[in-house]
1. Could you pull out the residue among THR42, THR79 that is open to solvent by less than 60 Å² (accessible area, probe 1.4 Å) and either over 24 Å from PHE113 (Cα atoms) or out of contact with any Leu (no Cβ under 6 Å at 6 or more places or on another chain) (or both)?
2. Can you name every residue in the stretch 54-73 that is free of Cβ contacts under 8 Å to residues at least 40 places away in the same chain and either not in a helix (DSSP H, G or I) or not hydroxyl-bearing (Ser, Thr, Tyr) (or both)?
3. Does PRO124 satisfy being modelled with pLDDT of 95 or more and either open to solvent by less than 70 Å² (accessible area, probe 1.4 Å) or part of a loop (DSSP other than H, G, I, E, B) (or both)?
4. Among the residues that make up the stretch 31-44, is at least one of them free of Cβ contacts under 8 Å to residues at least 40 places away in the same chain and touching a Ser or Thr at 6+ places or on another chain (Cβ under 8 Å)?
Amino acid sequence: MTCPRCRALRLFAAIDGQVTYRCAACEWYYLLSAVAPTGTSTAALPAGGTAITVASGGASFTNGMLLLYDTGVSSEVLTVNGTATATSIPVATAVRGHLSGVTFGQLSIGLRFTGIGVGDAVIPAPGWGY
């Protein structure tokens, strides 16, 4: 994923196995969530699976879009990999197996910690000249 602070493609480590991740470069913590377009699967997606089956609305997911798949316990970030149809969304290979009825949506990344002075703005990483 692209780190909002580093502004570069980075490896993110899963902290809680669900939606809390840490950038491997700047080590800031982020929460992942799903935003529109969203959907619900109508078939299981096994580990190694390459297509999400939906009842309708699949065509609103575009090639290259990052998805937060399974917004519950077994969340996973998947990339749409091709042209989606109304009932099928092609994705890069899934790492985890997922049951039917899973909710998913376009990936949104936000800061994990907030408070006074934290989360008001993402401070650029050193060397950006800001």
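The values are calculated or read from the model by the stated rules, or taken from the named source; none is laboratory data. Please read these numbers as outputs of a predicted model, since none were measured by experiment. We place every Cβ from the backbone using ideal geometry, glycine too, and count neighbours over all the protein chains shown. Heads up: the accessible areas ignore ligands, DNA and RNA and are worked out on the full protein's heavy atoms, side chains in. Shrake-Rupley method; radii C 1.70, N 1.55, O 1.52, S 1.80 Å.
1. Only one candidate passes the filter, namely THR79.
2. The answer is VAL54, ALA55, SER56, GLY57, GLY58, ALA59, THR62, ASN63, GLY64, TYR69, ASP70.
3. No; evaluated as a whole, the condition is false for this residue.
4. Looking through the stretch 31-44, none of the residues is free of Cβ contacts under 8 Å to residues at least 40 places away in the same chain and touching a Ser or Thr at 6+ places or on another chain (Cβ under 8 Å).
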